[in-house]
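Note sheet for the following structure.
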Amino acid sequence: AESVAAVGRVDANLLAPLPPSRITELNNLANSFNNMRTALRLFETYVPRSLVRRLLNNEQGSITSSEREVTVMFTDIVGFTTIAEGKTATEVADLVNDHFRILGACVEAHGGTIDKYIGDALMAFWGAPEEVADSSVRACYCALAMVDALERDNLRRRTEGLPPVRIRIGIHTGPVLVGNIGAEGRVNYTIIGDTVNTCQRIENLGREIDNSRAVTIVVSDTVAKSLPASMPYVHVGSFSVKGRDKDVDVYKMMT
């Protein structure tokens, strides 16, 4: 009964395999449960458990696509091609997986949803499934946590004779379409819209703004205007980005 309750909470960590039984019905039940336990662990590998829990707690009872204001974050490793050069596929995978483990922990700790991994890039958002009034502030606190986490990890890498990992972070707030997107039988709970495209391009602007620091955090004006005084930033200019008629005001967070 406790194990079944853990299934309802999508908590595979609490699921211990059920022992066999001499009673046929109970033995069949145990085998079926253990197969379900294995399937749930595989499910958690591909779908974030935190997202599933949020969707289960969704008061609407169903997931429909709707327009929502969210804050989007993109991260990208600086010079990833150079870092990966000469490494085996396994070594590159280990590097990327360890990197995403560090960043992913920061996103989850600050209530964000990891949308997807794109090569060496991470996309996350705040403001869905739950609506939050301070999504941009949460995203920026997450970015600052990433700075601390990467600095600690780079210290370890230096002691092991490995090159440090540097990243760019772009953050933007705006309207998106959020919900189940995809074909029947294979959908993603994700966000789409101009806000997503603009955020990715703001992150790319980090190349022009500051490519020397371990972490460069670039935010849009909509994000900067919502930040408290404890999060200082500087205006770095207005930039033309692909797909936008008007220039985008960009700010760099001080870290």
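The values are calculated or read from the model by the stated rules, or taken from the named source; none is laboratory data. Note that the structure is predicted; figures quoted are calculated from it, not measured. When we count neighbours, we look across all protein chains shown, and the Cβ atoms used for this are built from the backbone with ideal geometry, even at glycine. These accessible areas exclude ligands, DNA and RNA; they are computed on the full protein's heavy atoms, side chains included. Shrake-Rupley method; radii C 1.70, N 1.55, O 1.52, S 1.80 Å.
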Do we have any residue at all in segment 59-76 that's part of a loop (DSSP other than H, G, I, E, B), open to solvent by 40 Å² or more (accessible area, probe 1.4 Å) and at pLDDT 90 or above? no
Within segment 222-244, considering residues that are within 25 Å of the chain's Cα centre (by Cα) and among the hydrophobic types (A, V, I, L, M, F, W, C), the one modelled with the lowest pLDDT: V241
Within segment 167-174, does at least one residue satisfy the condition of being β-branched (V, I, T), more than 23 Å from D221 (Cβ to Cβ) and either touching a helix residue (DSSP H, G or I) at 6+ places or on another chain (Cβ under 8 Å) or at pLDDT below 95 (or both)? no
Of the residues L162, L155, only one is over 22 Å from F125 (Cα atoms), among the aliphatic types (A, V, I, L, M) and surrounded by fewer than 12 Cβ atoms within 10 Å (Cβ to Cβ); which? L155
Filter segment 215-232 down to residues that are part of a loop (DSSP other than H, G, I, E, B) and either aromatic (F, W, Y) or surrounded by fewer than 16 Cβ atoms within 10 Å (Cβ to Cβ) (or both), then give me how many there are. 5
Exactly one condition in (1) closer than 18 Å to T198 by Cα; (2) out of contact with any helix residue (DSSP H, G or I) (no Cβ under 8 Å at 6 or more places or on another chain) is not met by S136; state its number. (2)
Output the residue which, of all residues in segment 174-191 that are of a type in the set (A, V, I, L, M) and touching a residue at least 40 places away in the same chain (Cβ under 8 Å), is most open to solvent (accessible area, probe 1.4 Å). L177
T255 vs. criteria open to solvent by less than 40 Å² (accessible area, probe 1.4 Å) and either of a type in the set (S, T, Y) or part of a loop (DSSP other than H, G, I, E, B) (or both): no
Kindly indicate which of R207, R168 is surrounded by fewer than 18 Cβ atoms within 10 Å (Cβ to Cβ) and of a type outside the set (D, E). R207
Can you name every residue in segment 192-202 that is farther than 11 Å from K252 by Cα and either open to solvent by less than 20 Å² (accessible area, probe 1.4 Å) or of a type in the set (S, T, Y) (or both)? T195, V196, T198, C199
